[in-house]
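Here the structure is laid out as structure tokens; the discussion comes afterwards.
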Amino acid sequence: MTERLMLLDTASLYFRAFYGVPDTVRAPDGSPINAVRGLLDMITKLVSEFGPTSLIACWDDAWRPQWRVDLIPSYKQHRVAEEVDGGVDVEEVPEQLTQQLPLIRQMLEVYGVPIVGVADHEADDIIGSFASQASGPVDVVTGDRDLFQLVDDAKGVRVIYTARGMSRLEVVTDSVIQKKYGITPRQYVDFAVLRGDASDGLPGVAGIGEKTASTLLGEHGDLAGIIDAAQDARSTVSASVRSKLSAASAYLEVAPRVVEVVRDLDFGDVDARISPLSQSRLGAAADFASTWGLGSTARRALAALGNA
């Protein structure tokens, strides 16, 4: 069997599970369990369909790292429910989902899926580092377009994109990005910087949308090449684009560091191989499933994770 690592953008998936599974799905004691059940069903489908040999749940130890906020204060600002001096701001999360987060972590641990997070870094950075350092093929599961920057056919890194739902998963490769945006994955960071992203609080360059960003990158290669051309009176860059880039110069100086994922985090030894659970772990899984009323969802997950 070909070795293949699957990296879960865990928060992206549990938010989708929470909103995709009715909140009438409850545990025997009446506690909300829709995000837990939905996430476990997602993992079952992903493992069954794509056949990874290793699986890691990448976690946001800091969903809004201070070093990114220092560079662009508007970064994810609209998602802040409460500002915390000297700590990680509190993200606006529905109360019924907040209640389930400890159970989600417990569920992952029970089923043998390692959870990896690093202080002051987002799950994107965990994913970026694992994907960049992997020796074999990698599937990144996410609904976040920013991770398209990791796609690399030569290394076997692809994104399983969930934005259209689990029944319409999109496998994103070099050619998909080229067809969708007219750029290469290596150009995606600069493309996102120019275009901006309201969901992350990134303003982009006013007046430059996806089409113009793609055209500029096609003509000049990268953001540095675009800026150099804009400063060259002999270049083909229009006066309008020159003006827009000039007005956004302070933003353009820092934005690439915010958008680009970290690729060099050191995790030490992480045993992520999918393998049958020990008898004691099987007992813990059975207890967990019984307590929270997971029933057939739990049985399907155990089978998918090698516990026939």
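Under 17 Å from the Cα of residue 179, which lysines turn up, not counting those fewer than eight places away in the same chain?
Residue 179 reaches 211.
Below 8 Å, C-alpha to C-alpha, sequence gap of six or more: please give me the relative contact order for the chain in percent.
Result for the chain is 22 percent.
Once fully extended, how much extra length lies between residue 167 and residue 135, figured as 0.36 nm per residue of separation less the alpha-carbon to alpha-carbon distance?
Numbers: separation 32, 0.36 × 32 = 11.52 nm, distance 2.97 nm.
Going from the current span to full extension adds 8.5 nm.
With a point put 7 Å past each Cα toward its Cβ, work out how far residue 84 is from residue 109 in nm, to one decimal.
The modelled label-to-label distance comes out at 1.9 nm.
Take each of the peptides 236-243, 37-44, average the number of other beta-carbon atoms within 10 Å over its residues, and list them starting from the highest.
37-44, 236-243
What does the range 185-259 give for Rg and for Dmax, in Å, if only its C-alpha atoms count?
Both quantities, over Cα of the range 185-259: 11.3, 37 Å.
How do 299, 168, 68 line up, fewest other C-beta atoms within 10 Å first? Present the calculation step by step, with values, prior to reporting the outcome.
Values: 299 15, 168 9, 68 21.
Fewest-to-most Cβ neighbours within 10 Å comes out as 168, 299, 68.
Rounded to whole Hz and in sequence order, give me ³J(HN,Hα) for the range 175-192 from the Karplus expression 6.51 cos²θ - 1.76 cosθ + 1.60, θ = phi - 60°, writing x for Gly and Pro.
So the J values, rounded to whole Hz, are 5, 5, 5, 4, 5, 6, 10, x, 9, 9, x, 5, 8, 5, 4, 5, 4, 5.
Once you list every other residue whose beta carbon is under 11 Å from the beta carbon of residue 235, what net charge do they have if Lys and Arg are +1 and Asp and Glu are -1?
-1
Remind me, relative contact order of the range 27-141 in percent, using alpha carbon pairs under 8 angstrom and six or more residues apart?
Result for the range 27-141 is 36 percent.
How far apart, in nm, are the 7 Å Cα→Cβ label points at residue 286 and residue 199?
With each label point 7 Å from Cα toward Cβ, the separation is 4.1 nm.
List the residues of the range 266-308 whose backbone N lies under 19 Å from a point placed 7 Å from the Cα of residue 50 along the Cα-to-Cβ direction.
271-275, 301-306
Can you tell me the FRET efficiency between residue 77 and residue 234 if r is taken as the Cβ-Cβ distance and R0 is 41 Å, rounded to the nearest 0.05?
With a Förster radius of 41 Å, E is 0.55.
If you stretched the chain out fully between residue 222 and residue 2, how much longer would it get, using 0.36 nm times the residue separation minus the C-alpha to C-alpha distance?
This chain segment gains 75.7 nm when fully extended.
Values quoted throughout were computed directly from the atomic coordinates according to the rules given, and no laboratory measurement underlies them. If you're wondering where the values come from, they're calculated on a predicted model, not measured in any experiment. All Cβ positions, even for glycine, are placed from backbone atoms using ideal geometry, and neighbour counts span all protein chains on display.
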